[in-house]
1. Calculate the length of the line joining the C-alpha centroid of region 136-159 to that of region 1-24, in whole Å.
2. Let a ≥ b ≥ c be the square roots of the eigenvalues of the Cα gyration tensor of region 160-225; is it rounded (a/c under 1.5), or, if not, prolate (a/b larger than b/c) or oblate?
3. Given R₀ = 41 Å, FRET efficiency for residue 227-residue 4 by Cβ-Cβ distance, to 0.05?
4. Compute the angle between helix 151-166 and the longest alpha-carbon principal axis of the chain, please, reported from 0 to 90 degrees and rounded to the nearest 10.
5. Within region 45-74, name every residue whose backbone N is under 13 Å away from a label modeled 7 Å from Cα of residue 139 along the Cβ vector.
6. Output the 0 to 90 degree angle, nearest 10, between the alpha-carbon long axis of helix 224-236 and the longest principal axis computed from the alpha carbons of the chain.
7. For the chain, find the longest principal axis of its Cα atoms and tell me its angle to the long axis of helix 122-148, 0 to 90°, nearest 10.
8. Of 228, 184, 204, how do they rank once you tally other Cβ atoms within 10 Å and put the fewest first?
Amino acid sequence: MPSALERCFEGNLLLNCLNPEDRRRLLPDLERIEYKRGETLFAAGREVDFISFPLDQTVVTLVISMIDGRSAETATIGREGAVGGVVSNGGLPASTHALIQIGGPVLRMDSARLQEAKRQSESLRNLFTRYSDCLLAQVLQSVACNALHPIEERCLRWLLTLQDRLDSNVLPITQESLAAMLGVQRTYLTRILRMLQQQGLIEVGRGRITILNRPVIEEVACECHASVRRHFETVLGAIYGPNGRLVAIEPPG
Ligand SMILES: [Zn+2]
């Protein structure tokens with residue numbers, strides 16, 4: 001009979017694909033914590049003591065803030081992944097700010113404990129290496145996207161990325177946080193959203209954006225969303241369902 005904590009594994013695709021031995025290895029060190037929207041998982045420059053696995057609809061964004069106060073999103077992580085010391089092997093200062101974008105539960109564990117578990121288990125090491133590669137692919141694509149693609153396409157790309165992680169057409173996101181993610185003024189973003197709404201792609205409400213026509217959005221958005229998704233599929237197995245939603249993950253072979 002799985003414990004309440006072990007049942008939480010189902011809420012995160014990385015944890016859910018662990019073999020029984022790796023599950024037993026991680027279980028004693030995991031704790032479940034609830035976060036609210038806008039809370040900080042870790043701040044830039046601070047030690048990353050924990051690795052966090054977003055559960056269910058929890059979404060975390062990695063944000064870079066500039067001295068002039070402007071900011072931009074560099075990666076968005078939901079139940080397909082993990083946050084904190086995934087690439088750096090943990091225990092090092094964070095280079096970005098990790099912000100809770102959509103509040104909810106996470107399972108977290110001490111980074112040093114995870115390092116120890118990875119040393120003991122090749123399958124765990126393999127899974128995290130593959131995931132790190134996918135996260136890096138997402139970040140690298142963002143670099144090119146931010147330099148080359150117009151704001152309307154980047155906006156749609158980000159909405160698709162969020163929808164993948166929420167499994168819902170209604171995205172509880174404010175215009176203010178979307179503007180901060182995209183690194184543009186709120187008034188400018190409002191104009192862009194109005195235009196996308198007039199095209200029948202989205203509906204903008206108070207504190208939420210509803211996806212009305214995903215197939216057309218996929219055509220109109222830049223290639224970056226599809227490109228990152230293909231990389232996830234190739235490296236981590238079938239994590240995206242037929243509607244572009246994260247459904248299940250095959251254990252890496
Ligand atoms: Zn792009």
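Just so you know, all these numbers are worked out from the coordinates, no wet-lab data involved. The model shown is predicted, which means the values in this text are computed figures rather than measured ones. All Cβ positions, even for glycine, are placed from backbone atoms using ideal geometry, and neighbour counts span all protein chains on display.
1. Cα centres, region 136-159 to region 1-24: 33 Å.
2. rounded
3. Efficiency, rounded to the nearest 0.05: 0.60.
4. 40 degrees
5. Correct set: 45, 62-64, 74.
6. The angle comes out near 20 degrees.
7. On a 0 to 90 degree scale, this one is about 20.
8. 204, 184, 228
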